[in-house]
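Presented below is the structure to which this report refers.
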Amino acid sequence: MEKNNQRGITLIVLTITIIILMILAVITIHTGTESIQKANLEGLKTNMLLIETKAREYVENASFKLGVNPNTDTMYNDAKENLSGDDKGTVITADDGIAESLLNIGIKQEDIDKGKVYKLTTENLEKMGINDVVSNDEEGWYIIVYNIEETTAEIYNTTGYNGKYSLTDIEQIEL
C-alpha cells in the first residue's frame, strides 16, 4: 500500500512541475518577443536618424545656396542641384512605380510633383557613409522629403513600424 501512495504524490508533483515550466516558458517567450520588437524599433529609429543627419547637411547646403532672397527659378534650380548625386538618392516622379505607395504612407502628391521626394538605395546609403543598412523592395525603401525653403528633411521607411512610416511618428512609439 505504501507504493501506491508514493506514486500518487509523484504524479501530482510532476503535474505541478510541468505547469510551472509551462508558465515560465510563456513568460520567457513573451519577454523575448517584446525584446525583439524593441530591438527592431530601435534599429529602425537609429537608421532613420543617421539618414536624417546626412540629409539635413544636404538640405542646409541647398538652402544656403538658395540665399535669403530666393527670387529666381535659376537660384532655386541651383539649390536643388545640391540635392542630386549618387549619394543623395533618386528623385521620385509622379509616374514612378513607387509614387502611389508613397501617398499611402503620408507623403504628399505636391511634394512628389515638386521633386522634393528622393528614394535611397543601399548603394546610396553606403556612399553617404551609412553601411549595413538595406534599402530595397523587400526590406523597405528609405525615402527623404526635402524642403529647401524651411531647411528640413523628413525621413520615411516604406515598411515602417506598426503603421507608422515617418521618423517623426516612429520617434513617438514607446514599447
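Derivation of every value follows stated rules applied to the coordinates shown; laboratory data play no part. Quantities reported herein were computed from a predicted structural model and do not represent experimental measurements. Neighbour counts are summed over all protein chains in view; Cβ atoms, including those assigned to glycine, are modelled from backbone coordinates with ideal geometry.
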Give me Met128, Met22 sorted ascending by neighbouring Cβ count inside 10 Å, so fewest comes first. Met22, Met128
Roughly what angle does helix 2-66 make with the longest principal axis of the chain, taking Cα atoms, 0 to 90 degrees, to the nearest 10? 10
Packing-based exposure ordering (other Cβ within 10 Å, fewest first) of Ser135, Ser63, Ser35: Ser35, Ser63, Ser135
Quick one, what does Rg over Rh come out to for the chain if you take C-alpha atoms and the Kirkwood Rh? 1.35
By per-residue mean of other Cβ atoms within 10 Å, what is the highest-first order of 83-91, 140-148? 140-148, 83-91
Magnitude of the Cβ-charge dipole (Lys and Arg +1, Asp and Glu -1) of the chain about the Cα centre, nearest 20 debye, reported as 940
State which stretch of the chain is the longest one without any exposed GluC sites (Glu not before Pro), exposure meaning a DSSP loop state and at most 14 other Cβ atoms within 10 Å. 1-137
Spherically averaged projected area of region 87-172 from its Cα convex hull (nm²): 5.8
Simple spin-label model, 7 Å along Cα-to-Cβ: Asn162 to Glu110 in nm? 3.1
Can you give me the long-range amide H partners of Ser135? Hydrogens built in the peptide plane at 1.01 Å from N, cutoff under 5 Å, separation of 5 or more residues or another chain. Thr122
Estimated 222 nm signal from helices in the chain, with DSSP H stretches of n ≥ 4 weighted -39500 (n - 2.57), rounded to 500: -18000 deg cm²/dmol
